[in-house]
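Scroll down for the structure; my scribbles are underneath it.
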Amino acid sequence: MKAYLIQMLKEIALLGAIRDKIEISSIELSNQIDTSQQTASRYLLELDKKGMITRELGIKKQLIQITDLGKTTLQEEHLQYQQIFELTNRIYISGKVVSGIGEGSYYTEQINYIKQFQEKLKFKPFPGTLNIEIKHIEKNKIRLVKKYNAILINEFKNNNRTFGGVKCFHAKIENIKGAIVLPIRSHYSNILEFISPYFLRKKLKLKDGDFVKIIIFLKN
């Protein structure tokens, strides 16, 4: 939603319109947000059309109350500010579930990986990874994550093949604990790999194209 409408919704909420109807004129609102009466009236009309508020028009004033949809919009705005100020502890990333090519299952079944995961992450991962495709702009968050101290899974050799080291961070998807795995020798991919003790597609009833939210904890 447009920033000026969010601001108007905030101002109305601060006047008490979440809990009850407030009586106010467009002139009073225009003074509150430092704009013209016509502009304030237009903002209210837009919010009304979007279902963010209800209005009962009077001769000079109107009764305004924020709807459940308006409350949800403000709650999402509040969550975004929480994410900003909690950035030193955790990072929030969203993306859609996609299918891999089966490599995750092969790697997570290697006994030397399993031993390290159990020792350092305190769980044995279900074979395979849940692959989350993130937006290009979200890759900046992964760059930030990589600057923090990770749980390091060391590389090893098996049958003359070298399996690379991995950086891990504790994480959650829909309150299910697990970890993201970031191969040390890789470019910044737009596919984020998540491991967990559970078969997440079944436990969370996920299919390709479903959107999920991930919380990455930066202090392990």
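Structural remarks
- Among residues of the stretch 35-63 that are in contact (Cβ under 8 Å) with a residue 40 or more places away in the chain, those with a beta-carbon under 6 Å from a residue that is surrounded by 16 or more Cβ atoms within 10 Å (Cβ to Cβ) and in a strand (DSSP E or B) at least six positions away or on a different chain give the pairs 47/53; 53/64; 53/66.
- Restricting attention to the stretch 156-175 and to residues that are charged (D, E, K, R) and exposed (fewer than 15 other Cβ atoms within 10 Å of the Cβ), the residue that is farthest from residue 112 (Cα to Cα) turns out to be 174.
- Scanning the stretch 69-93 for residues that are part of a helix (DSSP H, G or I) and touching a Phe, Trp or Tyr at 6+ places or on another chain (Cβ under 6 Å) yields one hit, 83.
- Filter result for residue 96 (out of contact with any helix residue (DSSP H, G or I) (no Cβ under 8 Å at 6 or more places or on another chain) and either of a type outside the set (Lys, Arg) or surrounded by 13 or more Cβ atoms within 10 Å (Cβ to Cβ) (or both)): yes
- Criterion violated by residue 70 - all others in (1) at pLDDT 85 or above; (2) closer than 30 Å to residue 158 by Cα; (3) surrounded by 13 or more Cβ atoms within 10 Å (Cβ to Cβ); (4) among the small types (Gly, Ala, Ser) satisfied: (2)
- Residue 73 closer than 25 Å to residue 173 by Cα, among the polar types (S, T, N, Q) and under 29 Å from the mean Cα position of the chain (by Cα): yes
- Residues being out of contact with any strand residue (DSSP E or B) (no Cβ under 6 Å at 6 or more places or on another chain), among the small types (Gly, Ala, Ser) and in a loop (DSSP other than H, G, I, E, B) - total across the stretch 1-49: 2
- Some residue of the stretch 51-68 being assigned to a helix (DSSP H, G or I) and at negative phi: yes
- Residue match in the stretch 78-88 (condition: loosely packed, with under 15 Cβ neighbours inside 10 Å and in contact (Cβ under 8 Å) with a residue 60 or more places away in the chain): yes
- Between 171, 150, the distinction of being closer than 19 Å to residue 219 by Cβ, small (Gly, Ala, Ser), at pLDDT 90 or above and more than 16 Å from the chain's Cα centre (by Cα) belongs to 150 only.
- Per the listing 111, 137, the residue uniquely loosely packed, with under 15 Cβ neighbours inside 10 Å and under 22 Å from residue 162 (Cα atoms) is 111.
- Subset of the stretch 164-196 that is touching a His at 6+ places or on another chain (Cβ under 9 Å) and not small (Gly, Ala, Ser) - its residue that is farthest from residue 94 (Cα to Cα): 177
The values are calculated or read from the model by the stated rules, or taken from the named source; none is laboratory data. Everything quoted here is computed from the prediction, not taken from an experiment. Every residue, glycine among them, receives a Cβ derived from its backbone with ideal geometry; neighbour counts consider all protein chains shown.
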